[in-house]
1. Give the relative contact order (percent, whole number) for the chain; include only Cα pairs under 8 Å separated by 6+ residues.
2. Consider all pairwise Cα distances in the stretch 377-437 and report the whole-number % of them above 19 Å.
3. Using per-residue counts of other Cβ atoms within 10 Å, averaged over each peptide, order 133-142, 106-115, 353-362 from highest down.
4. As a test of the formula, what do you get for the chain when each DSSP H run with n ≥ 4 contributes -39,500 (n - 2.57) and the sum is divided by the residue count, at 222 nm and rounded to the nearest 500 deg cm²/dmol?
5. Length gain on complete extension for the stretch LEU472 to GLU283, per 0.36 nm per residue less the alpha carbon to alpha carbon distance?
6. Rg/Rh for the stretch 306-390 to two decimals, with Rh computed the Kirkwood way over all alpha-carbon pairs.
7. If you average the alpha carbon positions of the stretch 63-116 and of the stretch 387-406, how far apart do those two centres end up, in angstrom?
8. Under a 5 Å amide H to amide H cut-off, with H placed in plane at 1.01 Å, what residues pair with LEU335 once short-range neighbours are removed?
Amino acid sequence: MAIDHHGTPTPAPPLSATSAPERRIGVTGIVFFVVAASAPLTVAAGGIPQSLGVTGILGIPLLYLLVGVVLALFSAGYAAMSRHITGAGAFYAYTAQGLGRTAGVGAAFVALLAYNAMQIGIAGLFGATTAQFIDSKTGVDIPWWALVLACIAVVGALGYRRVDLGVKVLAVLLVLEFGTVLVFDIGQFADAPEGISATPLTWGAATDGSLGVALCCVFAAYMGFESAALYSEECRDPRRTVARATYIAVGLIGVFYAATAWAMISGAGTGQATKVAAEQGPEMLFFLSDRSSGLGAAFADFAQLFLITSLLAALLSFHNAVARYARSLGREGVLPRGLGVIHSRHGSPHRGSLLQTALSLAVIGVFALAGRDPVMDVFTWLTNLGALGVILLLLATSASVVAYFARRRELSEPLWNRLVAPLLSGAALAVFFWLALTNFSVQLGVSSGNPLRWILPSLILIAAAAGVVWGLWLRRARPETYAGIGSAAGQ
């Protein structure tokens, strides 16, 4: 039940055959989507070496665990909300129910910008990585943008079809990813030149260097962990599935990344790890694999191939997230209602999928025509922009949890879930957001005087402001639409 601006109860729009998908997926399927978005092999090849090399901090494994604890705290309140709000709006719906409908529209616009930026940025890295791999193995030079366009077409086709088809594809890709990284980890621990040291798990090692930048790098590895709620309407038991999937994903990602970072440090030599990371950069994983007696060049080649599939899995996951945001907003009339219709046969948000595909093609086309670098520009600019937006959304959601349950004391949620955990996570996320903002030039690899330092973060504020203005206009011009914002779950 919604309340309009005059205080009159207004029922939320019912889910119809054209807006309610079949409930096809369980906990395992949602975990596949969530973990795929964090791209385990991409983090192992790029995120961990960057964290070590740029910051000089040896305690990166401990930081992965600490950030995981903060996100587990966030998940306590997030999971509690998921038991009472079971629509596909996630951040949008939660913020609307907690902080108000206008704030919810602002959150929706930030979410659309952030997830689109993440998806398109990862596409740039996919193009560069795939082009380099093909060139090194065959001598054929294919433009990065051509490979990206082909990839976008494949992802778009999968996103257009049934969600369980996407789950099956992700299951195969994730098994390959996890298997590759697990073999790498075992090889590095077994072949550690200085032995296995517990130093990377100590507080002193975690704070000896550029801690702010390190936390930003580590936090970025968790991007996508919160996307379980986007599949609320497509899972079999949303009041339990979303919470379980979120907790499992956070725990799995945190432990797995901490172990991989520790293995990489051990394989490079504890005393040399940060130096090797600074010298090798994204090639560190392949460099260590190649020199390891138990792995060798053949494994390095396979790892490069599976890195490409890792990026493909992440692209599919973020594509699905954007499509579901578009569907949720379209169904409630915040965006054109046609976006809220699902496919009559596939049960997918096909129009949101098509819109995201078209936008990706357009943005990649602009970068390609401008001659920009797919890694330094497309990937670095857009993924950092997306990560900053997601941190802000997490912070807003923590506040929304507190506000939502403060007004609904009759709901049976423990004090820990409804107040204590979201307050603790909100305080930590505020620190993360400030660190990300003040260290943004370092993340981009530009000087502090470079205009990108403030242009890209400004896009987040512009999106939020545009959403708030649009929400205010809806309240004045379309009160019946405004009354249903964030409440299609039947609140």
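Every read-out reported here was derived from the displayed coordinates using simple, explicitly stated rules and does not represent laboratory data. Just so it is clear, the structure is predicted and the values come from calculations on it, not from any experiment. Ideal geometry is used to build each Cβ from the backbone, glycine not excepted, and the neighbour counts take in all protein chains shown.
1. Over the chain, the number comes to 36 percent.
2. Of the Cα pairs, 41 percent sit more than 19 Å apart.
3. Taking the mean over residues of other Cβ atoms within 10 Å, the ranking is 106-115, 353-362, 133-142.
4. -23000 deg cm²/dmol
5. Between LEU472 and GLU283, full extension yields an extra 63.1 nm.
6. 1.03
7. Each part reduced to its Cα centre gives a spacing of 6 Å.
8. GLY330
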